[in-house]
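The values are calculated or read from the model by the stated rules, or taken from the named source; none is laboratory data. The structure displayed is predicted, hence computed values, not measured ones. No Cβ is skipped: glycine too gets one built from the backbone with ideal geometry, and neighbour counts run over all protein chains shown. Surface accessibility is based on the protein's heavy atoms, side chains included, excluding ligands, DNA and RNA. Shrake-Rupley method; radii C 1.70, N 1.55, O 1.52, S 1.80 Å.
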Amino acid sequence: MHHMTLAEIARGLADKKFSSEELTKVLLARIAQLDPQLNSFISLTEELALDQAKAADARRANGESGALLGAPIAHKDLFCTQGIRTSCGSKMLDNFKAPYDATVVAKLAAAGTVTLGKTNMDEFAMGSANESSYYGAVKNPWNLEHVPGGSSGGSAAAVAARLLPAATATDTGGSIRQPAAFTNLTGLKPTYGRVSRWGMIAYASSLDQGGPLARTAEDCAILLQGMAGFDPNDSTSIDEPVPDYSASLNGSLQGLRIGVPKEYFSAGLDPRIAELVHNSVKELEKLGAVIKEISLPNMQHAIPAYYVIAPAEASSNLSRFDGVRFGYRCENPENLMDLYKRSRGEGFGAEVQRRIMVGAYALSAGYYDAYYLKAQKIRRLVKNDFMAAFNEVDIILGPTTPNPAWKLGAKNSDPVAEYLEDVYTITANLAGLPGLSMPAGFVDGLPVGVQLLAPYFQEGRLLNVAHQYQLNTDWHTRTPTGF
């Protein structure tokens, strides 16, 4: 059962080959057995899961149907879940039980999904390795000595290890796509505003976006269908009709114009990954796509711009965690200032403190124009590059990451080296574009992903290309040894 995709589970439930309750019990037992090796879950919700599974079975017995009805998933632990700990991977929120469900959680619950638990993550989604969590690092099931990517590494490791078929995740600078690449999954960051951020604990509000992590593009289409849509509670949500993503999966790629930016193939890219990217291009050419070299000239400025904008927004968003209203509070504060200082100093980890300080500095008087304002101007230039490129091509293709997953602890002493691993992913967040990573091969036994980018609200096109690629390759079917 644990090897089934979401699509296969939907067919099995519809054909009454098994019940949601039976499947849920199998997966809960598998998590109990295997997750100690991975540390991919922060909280398990066995009682809730079994109740939801029984309710889903009852709905099917009454004649209801739906691809997600009875499907087991997990939520990244920054989606608020009513009455359940929502920690954001931080000591600051270790004791926080959300009083309401995030819109994504509510929508998926209404569709009949079964929540198995909350997955581990970099603290407040700040990281590219899932090593900054208060609950410890997550291990990559392909090699337990390597990172699974971040910040959605818990969701990625759990799905890759076949503990469950799919999970929710979030992407601020690549945190869906990069873990997908490192763990041989398909991960989709939707257009900014396509999926509600209400109830999703914020890191950088103009960059954060929720999306699906699964083994196939078909499964991502199913999960995104349940997540997407306008939400009046979210001021950044866009009132745009949600298409049937599954219906567009089988469209022909004949004549599809794919752009390959020359800037992606610089000295920083592992040549073995470059070869796998070129192999993917050849595969898509066989399916009728037309390949064209393009240029994204301002890509080189994206990382410094991102690491000004994101920490600046984080310093503002995280000011609410002050030890007064909710979350961690220091013991025996001498006065209000001592309460603030010690609660935040003891509650936040090193990486979060680093980014808060960087952001506060960039927004401070005398430095706002030199850093934050200039970064926003670069952001506009990055967006303009994409708009110009999409006048020439339909899709942009390149590597998801410059290197395969590194060893646990290898970059802990050099945060900038870790930041540079986001070089290909952060531009989509700066521009608000949809992006997808799909499995494309292996380097030294570790998975490698290829990234696809599309114009706004063209998630269906990304899923179509990835699905057709997966019908003609088998990278996405590979399973890590021991799982």
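Which of the residues that make up the stretch 433-451 are touching a helix residue (DSSP H, G or I) at 6+ places or on another chain (Cβ under 9 Å), open to solvent by 10 Å² or more (accessible area, probe 1.4 Å) and not hydrophobic (A, V, I, L, M, F, W, C)?
Hit for the stretch 433-451 is ASP444, nothing else.
Could you tell me whether ILE356 is open to solvent by less than 60 Å² (accessible area, probe 1.4 Å) and closer than 23 Å to PRO190 by Cα?
No.
To keep it simple, each residue is scored yes or no on (1) assigned to a loop (DSSP other than H, G, I, E, B); (2) open to solvent by less than 10 Å² (accessible area, probe 1.4 Å).
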| site | (1), (2) |
| --- | --- |
| LYS118 | no, yes |
| SER128 | yes, yes |
| GLU131 | yes, no |
| SER151 | yes, yes |
| GLY154 | no, yes |
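Determine which single condition LEU463 fails, assuming it passes every other condition in (1) part of a helix (DSSP H, G or I); (2) surrounded by fewer than 24 Cβ atoms within 10 Å (Cβ to Cβ); (3) in contact (Cβ under 8 Å) with a residue 24 or more places away in the chain; (4) not β-branched (Val, Ile, Thr).
All conditions pass for LEU463, except number (2).
Go through the stretch 213-242 residue by residue and tally those that are under 24 Å from PRO99 (Cα atoms) and not small (Gly, Ala, Ser).
7
Taking the condition touching a residue at least 60 places away in the same chain (Cβ under 8 Å) and either farther than 15 Å from PRO212 by Cα or of a type in the set (Val, Ile, Thr) (or both), does SER152 pass?
no
Listed residues SER316, SER343; which is open to solvent by less than 30 Å² (accessible area, probe 1.4 Å) and touching a Gly at 6+ places or on another chain (Cβ under 8 Å)? Steps first, answer last, please.
Details: SER316 fails: open to solvent by less than 30 Å² (accessible area, probe 1.4 Å).
Selected residue: SER343, the only one of SER316, SER343 that is open to solvent by less than 30 Å² (accessible area, probe 1.4 Å) and touching a Gly at 6+ places or on another chain (Cβ under 8 Å).
Do we have any residue at all in the stretch 228-240 that's buried (at least 20 other Cβ atoms within 10 Å of the Cβ) and either modelled with pLDDT under 95 or under 28 Å from HIS2 (Cβ atoms) (or both)?
yes
Kindly establish whether GLN376 is open to solvent by 30 Å² or more (accessible area, probe 1.4 Å) and outside any strand (DSSP E or B).
yes
Considering every residue within the stretch 47-55, establish whether at least one is over 21 Å from THR86 (Cβ atoms), open to solvent by 60 Å² or more (accessible area, probe 1.4 Å) and touching a residue at least 12 places away in the same chain (Cβ under 8 Å). Lay out the reasoning, then the answer.
Taking the stretch 47-55 as the starting set, the residues that turn out to be over 21 Å from THR86 (Cβ atoms) are 53-55.
In the following step, the residues that additionally are open to solvent by 60 Å² or more (accessible area, probe 1.4 Å) were identified as 54.
Filter once more, keeping what is touching a residue at least 12 places away in the same chain (Cβ under 8 Å): 54.
Looking through the stretch 47-55, at least one residue is over 21 Å from THR86 (Cβ atoms), open to solvent by 60 Å² or more (accessible area, probe 1.4 Å) and touching a residue at least 12 places away in the same chain (Cβ under 8 Å).
Test TYR328 against the criterion of being over 30 Å from GLY136 (Cα atoms), touching a helix residue (DSSP H, G or I) at 6+ places or on another chain (Cβ under 6 Å) and open to solvent by 40 Å² or more (accessible area, probe 1.4 Å), and give yes or no.
Working: over 30 Å from GLY136 (Cα atoms): no; touching a helix residue (DSSP H, G or I) at 6+ places or on another chain (Cβ under 6 Å): yes; open to solvent by 40 Å² or more (accessible area, probe 1.4 Å): yes.
Spelling it out, it is not the case that TYR328 is over 30 Å from GLY136 (Cα atoms), touching a helix residue (DSSP H, G or I) at 6+ places or on another chain (Cβ under 6 Å) and open to solvent by 40 Å² or more (accessible area, probe 1.4 Å).
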